[in-house]
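Notes to accompany the following structure.
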Amino acid sequence: MNAQRVFERSKPFLGVVFLQFGFAVMDVLSKAALNKGMSNYVLVVYRHAVATAVIAPFAVLLDKKIRPKMTLPIFMKIVALSLLEPVIDQNLYFMGMKYTTATFAAAMTNILPAITFVMACILRLEKLKIKSIRTQAKVVGTAATVGGAMVMTVMKGPILHLFWTKGTNNHQGEAGGISLAHSIKGSLMITVGCFSWACFMILQAITLKTYPAELSLTAWICLLGTLEGTAVALVMERGNPAVWSLKWDTKLMAAVYSGVVCSGLAYYIQGVIMKDRGPVFVTAFSPLCMVIVAIMGSFILGEQIFLGRVIGATIIIAGLYLVVWGKSNDYKSTSPIIEDQKQILDQSSISTGKDNSNHQLITITTSEEGIEPAMNK
């Protein structure tokens with residue numbers, strides 16, 4: 001029973017870590033596809049077309065009993081969702097990646113937790129009690145994750161000579177290869193994209209309250225994102241039909257992988273976690289993506305690891321621990337304790353062999369200090 005409870009409590013954390021691994025692989029594949037001349041507008045369209053084809057059948061079958069009736073307000077929210085993330089955010093993100101590098105783009109997205117946290121507090125989707133140690137932990141942890149990511153980006157320091165990187169001279173992807181103009185242009189695009197992404201997270205959490213069918217919502221977002229993205233791509237790539245062609249190469253792999261993992265599965269997993277933990281919890285783990293990219297680069301590509309990157313990663317891990325601790329305390333459930341008390345009462349009643357109408361009512365209340373049982377007649 002204890003192992004099952006631990007697993008249930010750890011599922012949200014495992015889910016968001018899986019998302020960051022998925023996004024890290026997507027960054028590498030997408031950058032490779034863009035370097036080969038793939039249009040970012042076409043990549044977005046194919047990505048969500050694949051996601052729609054994969055998710056829609058599951059949504060039709062599994063959400064049949066829980067899917068609420070579609071209303072105009074709900075549909076308008078879904079239209080906005082499909083515009084915010086699939087069209088605006090992803091196109092700006094990939095355009096910013098074109099001007100910079102995958103690592104730079106991943107680093108810039110670390111402003112997402114801060115934006116989401118501020119917006120969630122403004123819209124009262126996040127509990128904010130300044131005197132509470134849990135709120136202080138979330139604020140400090142969010143700031144630490146962003147600060148650690150910036151340290152990883154700006155601070156290099158000496159090279160760490162690890163045994164698996166010996167003999168490699170791969171300096172690809174360092175900031176020195178990016179012009180200042182491209183860095184500024186790419187940064188602005190990614191920043192606006194992150195703001196759009198944060199709006200998507202907040203609106204998704206709001207929409208799930210009136211349309212609590214995660215698979216169906218994901219399918220709708222991907223379908224409408226495909227249609228809206230197609231309209232944008234036809235306008236931006238008019239007179240260039242060759243951009244729509246695909247072969248068995250990195251372009252196809254990037255479209256299929258990002259569609260299945262980073263759109264289909266990601267939207268669904270985000271929705272499930274957000275219903276219980278809120279949008280801030282999901283976005284707080286986004287700095288992990290850059291850490292994963294750095295680790296993957298050192299192992300797979302033999303890229304050099306700098307001391308500054310390690311220091312930044314350490315700060316990120318510390319910040320994530322604070323956020324996770326604050327959020328886990330927000331969602332401590334008393335139901336297992338209540339169930340245990342009920343079992344004790346039931347066993348006591350059975351052992352006496354008769355119904356005792358004078359059972360005492362045990363009320364369990366929670367506070368900052370702990371659990372306080374109260375005995376009422």
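Since every read-out is calculated from the coordinates, none of them should be taken as a lab result. If you're wondering where the values come from, they're calculated on a predicted model, not measured in any experiment. Note: ideal-geometry Cβ built from the backbone for every residue, glycine included; neighbour counts use all protein chains shown.
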Could you state the number of Å between the C-alpha centres of the stretch 216-231 and the stretch 126-147? 35 Å
Over the Cα atoms of the stretch 203-251, compute the convex hull volume and normalise it per residue, giving Å³. 114 Å³
Set the bar at 27 Å for Cα to Cα. Now go through Lys11/Lys98; Lys36/Lys185; Lys64/Lys247; Lys77/Lys247; Lys11/Lys209; Lys77/Lys275 and name every pair that lies beyond it. Lys11/Lys98; Lys64/Lys247; Lys77/Lys247
Could you sort the peptides 113-122, 8-17 by per-residue average Cβ neighbour count (10 Å cutoff), highest mean leading? 113-122, 8-17
To one decimal place, what orientation-averaged projected area in nm² is obtained for the convex hull of the Cα set of the stretch 35-161? 13.2 nm²
Any idea what Rg and Dmax come out to for the stretch 12-330 if you just take the C-alpha atoms, in Å? 19.5, 62
